[in-house]
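Here the structure comes first, spelled out in structure tokens, and everything after it is commentary.
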Amino acid sequence: MIHWRRGTVSSVTGGWGPVVTVDVELDEGGVMAALADTPLVGTPRVGDTVLLNASALLKGLGTGGQALVVAIPDALPPDPVAADGSRPPGHIVKARYGPLQTMVLALEEQESPHHEAMAGHPQVVAGDLEGMPVVAAELHSALPAVVAGVHADRPGARVAYVMTDTGSLPLGHSRLVAAMRETGMLTSTTSVGQAYGGEHETITLHSALLAARYVLGADVVVVAQGPGNAGSATPWGYSGISQGEVLNTVHTLRGRGVAVLRVSAADPRGRHRGLSHHTATTLGRVVLGAADVPLADDDDLSPGLRDAVEAVCASATGRLSPVLVPAVGLDEALRACPVPLATMGRGYASERAAFVTAAAAGRHAAALL
């Protein structure tokens, strides 16, 4: 079900990365702000007629609850062409079978300049990350805190971001990633599966992780879904359960999986206070292999948190190893973070527990280098 709207662009108010924000005077009256993903729909200009998908905005959703430009009918973008005028390389379709499916050049495919490495590098063929630390987070908002934790101890470490397809499909919708690339916190971005818009595209998470190490030269990889975590107040119905599947992939590829705990001292929902029930389910039941579970050595973060984490690890299906990480210096690293810290609308001051915990995972990954 889609709530369609049509109108005329009255102003272009800016944006980030490939995404621009426009104000649209609707045909039925009123003004609606919308986002335009310019590689897909072109760049809207004042006076253009646009078609909008307003469903998420009208539903009042949080992250991802914006109106989106679907098309600029009278100013369609030109067909993409290569430098020599031919069709550009790439035959991998993402957002498949939807009306806005898009064609990309995947890093693995035959036309890619990296195909030879992905097909012939001995460690890639063997599927062996050789113990590279891979930090897996449930929430996209944990990303800058994790990287701040890595750089607190290893400021020169090359950190790559891999975005899965259980949240936002367009990577360009992340303000965080755009800011982190601009400030140098991240050295590369890769979108996986149905997700698209990264500097690199891959068909699978396995390829993305192997490419991060052997093609892109990353020291640490952080994997998380994009913005727009979906939940249902049920034990198994949340998109962040993919965190467990990420850790299983890391285990399969002989990497060192590092789990970011979802922790809150301020969430009004009891199921997410302290150790989130999402984390307990994902780590306790979905993870089948080995993974490290870092926890900051700070008993003020959340009462009973350490006991809760140890209990999950002790009863888990997989082999989870709780790791107590020194907290000294993490607050300073978070306060110095060059991009905003916010989760579920709450900043560092009100959600210190969430960000210090994520930074502890980053610090542990740095210690593994």
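The values are calculated or read from the model by the stated rules, or taken from the named source; none is laboratory data. Please read these numbers as outputs of a predicted model, since none were measured by experiment. Here the Cβ positions follow ideal geometry from the backbone for every residue, glycine too, while neighbour counts run over all protein chains shown. Calculation scope for accessible area: heavy atoms of the full protein, side chains included, ligands and nucleic acids excluded. Shrake-Rupley method; radii C 1.70, N 1.55, O 1.52, S 1.80 Å.
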Counting Lys and Arg as +1 and Asp and Glu as -1, what is the net charge of the other residues whose Cβ lies under 11 Å from the Cβ of G15?
0
Just want the answer: with Cβ charges of +1 for Lys and Arg and -1 for Asp and Glu, which residue in A67, T357, Q225 is farthest toward the dipole's positive end in the chain?
T357
Note, L105: beta-carbon cut-off 12 Å, +1 each Lys/Arg, -1 each Asp/Glu, net -3
Before I look further, what does segment 260-307 give for accessible area per residue, probe 1.4 Å, in whole square angstrom?
39
Can you compute the charge dipole magnitude of segment 302-369 about its Cα centre, using +1 on each Lys and Arg Cβ and -1 on each Asp and Glu Cβ, nothing else charged? Give it in debye, rounded to the nearest 20.
80
Packing-wise, with mean Cβ within 10 Å as the measure, how do 252-258, 222-228, 2-8 rank, highest first?
222-228, 252-258, 2-8
Per the 1.4 Å probe, what fraction of the accessible area of the chain, in percent, lies on carbon and sulfur atoms?
54
Efficiency by 1/(1 + (r/R0)^6): what FRET value for H121 and A290, r their Cβ-Cβ distance, R0 = 22 Å, to the nearest 0.05?
0.35
Could you work out how far apart the two model spin labels at E111 and T13 are, taking each label as a point 7 Å from the Cα in the direction of the beta carbon, and quote it in nm?
3.8
Along the charge dipole of segment 276-369, Cβ charges K/R +1 and D/E -1, which of G284, A333, A308 sits furthest on the positive end?
G284
How do 22-31, 275-284, 346-355, 326-335 rank on mean C-beta neighbours within 10 Å, highest first?
275-284, 346-355, 326-335, 22-31
For segment 250-369, with +1 on Lys and Arg beta carbons and -1 on Asp and Glu, the positive-most of H251, G274, S264 along the dipole:
H251
Accessible area expressed per residue, segment 20-84, with surrounding protein chains retained (probe 1.4 Å, Å²):
54
Cα-centre dipole for segment 1-45 with unit charges at Cβ (Lys and Arg positive, Asp and Glu negative), debye to 20
100
Would you mind estimating how fast segment 233-369 diffuses translationally, via Stokes-Einstein at 25 °C and 0.890 mPa s with the Kirkwood radius over Cα pairs, in µm²/s?
162
To the nearest 20 debye, the chain has a Cα-centred charge dipole, built from +1 on Lys and Arg Cβ and -1 on Asp and Glu Cβ, of 620
How big, on average over all directions, is the shadow cast by the Cα convex hull of segment 1-123, in nm²?
10.5
Can you grab the distance from the C-alpha centre of segment 17-64 to the C-alpha centre of segment 262-302, Å, no decimals?
36
Rounded D (µm²/s) - the chain, Kirkwood Rh over Cα pairs, Stokes-Einstein at 25 °C, 0.890 mPa s
115
Per DSSP H run of at least 4 residues, take -39500 (n - 2.57); add these up for the chain, divide by its residues and hand me the 222 nm value, nearest 500 deg cm²/dmol.
-7500 deg cm²/dmol
Convex hull volume per residue for segment 172-316, taking Cα atoms only, in Å³:
137
